[in-house]
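Accompanying notes for the structure given below.
The values are calculated or read from the model by the stated rules, or taken from the named source; none is laboratory data. Keep in mind it's a predicted model, so treat the numbers as computed, not measured. In this analysis, Cβ positions are derived from the backbone assuming ideal geometry, glycine residues included, and neighbour counts consider all displayed protein chains. Remember, those area values only see protein heavy atoms, side chains included, never the ligands or the DNA or RNA. Shrake-Rupley method; radii C 1.70, N 1.55, O 1.52, S 1.80 Å.
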Amino acid sequence: MRKLEDAYLHKGLRRQLVELLKTKGITDAAVLEAINTIPRHFFLDSAFDKIAYEDRAFPIAANQTISQPYTVAYQTQLLQIKPGDKVLEIGTGSMYQTTILAAMGAKVYTIERQIELSNKTSGYLFKDKFPEVHFFFGDGFEGLPEIAPFDKILITAAAPNVPEKLWQQLKLGGLMVIPVDESETAQRMLRLTKKKDGKEKRESFEEFSFVPMLTGKSEK
Ligand code: SAH
């Protein structure tokens, strides 16, 4: 495995990224601090080392992508993460978003459906630093009923709708952040609150573009 180094250059680029995210409307200090702390280039192929802190999505294995930093920051801010929150993430991908949540003190349960990506989680670089991160290979539409309920649920792929099973696995008072298909290429970011009486409060935010949330597992 290549030697991973977090050089002054990377730290400087991260600070610039944080400033950019502030101008784009990210205000949650804990989110900005996590972005400033976690080396995004560790989650990318070394070919991307110099551009890892541009506010762009990049390809990872299995034809998937690491989300754009703005998207990661936006979704995380909507989740209002507090230390100790039990969070379900659908779409582990590069493990970058997972690590941002962990850096904010969340206990993270994250599911990936692509075996190639899931296999990489055994080499998770922050295993010792964040022992409260748990990886699962499976279909995120099913969630993790054996571990539910969750304080927060985050979907990081384009969902066709709000999966009923995931809604069931949200605590009363909990939040779900989910990009739901609005057209073939765009999703509307939604935040659903499960009110104390179990009813849904739905808030609508900006449009984004994610890779699709697919059913079943991919074993090749
Ligand atoms: N959070 C990731 C984003 C990766 S892109 C990151 O920060 O890098 C979305 C990911 O969701 C892809 O890896 C894709 O394989 C995964 N995915 C899509 N549908 C899924 C499902 N039903 N269950 C679990 N993962 C899914």
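Which one, H10, I115, T215, is farthest towards the positive end of the dipole of the chain when Lys and Arg carry +1 and Asp and Glu -1 on their Cβ?
Comparing the listed Cα positions along the dipole, H10 ranks first.
How high is the relative contact order of the chain, given as a whole-number percent (alpha carbon pairs under 8 Å, six or more residues apart)?
In percent, rounded to a whole number, it is 15.
Starting from the Cα of K196, draw a straight line to each of the aspartates and glutamates and keep only those under 16 Å, dropping any in the same chain fewer than 8 residues away.
D151
What aspartates and glutamates could a cross-link reach from K11, if we take a straight Cα to Cα line under 14 Å and drop same-chain neighbours fewer than 8 places away?
E19, E33, D49, E54
Please work out the Kirkwood hydrodynamic radius for the range 90-154, using every pair of different C-alpha atoms, and report it in angstroms with one decimal place.
12.0 Å
Can you work out the Karplus-derived ³J(HN,Hα) for every residue in the range 38-45? Use 6.51 cos²θ - 1.76 cosθ + 1.60 with θ = phi - 60°, whole Hz, and x for glycine or proline.
Taking θ as phi minus 60°, the curve returns 8, x, 5, 5, 5, 9, 10, 4 Hz for the range 38-45.
Arrange the peptides 211-217, 108-114, 82-88 so that the one whose residues have, on average, the most other Cβ atoms within 10 Å appears first.
Most protected by this proxy first, the peptides run 108-114, 82-88, 211-217.
Please work out the average accessible area per residue across the chain, using the 1.4 Å probe convention, and give it in Å².
48 Å²
Quick one: what are the phi-derived ³J(HN,Hα) couplings along the range 123-134, Karplus 6.51/-1.76/1.60 with θ = phi - 60°, whole Hz, x for glycine and proline?
x, 3, 5, 9, 3, 6, 6, 10, x, 8, 9, 10
Quick one: of K22/K107; K107/K127; K86/K171; K50/K120; K152/K194, which pairs are farther than 18 Å apart, Cα to Cα?
Listed pairs above 18 Å: K22/K107; K50/K120.
Would you mind working out the magnitude of the charge dipole of the chain relative to its Cα centre, with +1 at each Lys and Arg C-beta and -1 at each Asp and Glu C-beta, to the nearest 20 Debye?
That gives the chain a dipole magnitude of about 480 debye.
What list of ³J(HN,Hα) couplings, whole Hz, do you get for the range 151-157 from phi and the Karplus terms 6.51, -1.76, 1.60, once you set θ to phi - 60° and write x for glycine and proline?
6, 9, 10, 10, 9, 10, 9
May I ask for the angle, rounded to the nearest 10°, between helix 69-79 and the longest principal axis of the chain, with both axes built from Cα atoms and the value confined to 0 to 90°?
Between the helix axis and the principal axis of the chain, the angle is about 40 degrees.
Using modelled backbone amide H atoms (1.01 Å from N, in-plane), which distant-in-sequence or interchain residues come within less than 5 Å of I66's amide H?
F58, I60
Let me check the size of the chain from its C-alpha atoms; what are the radius of gyration and Dmax in Å?
Considering the chain through its Cα atoms, Rg and Dmax are 16.4, 51 Å.
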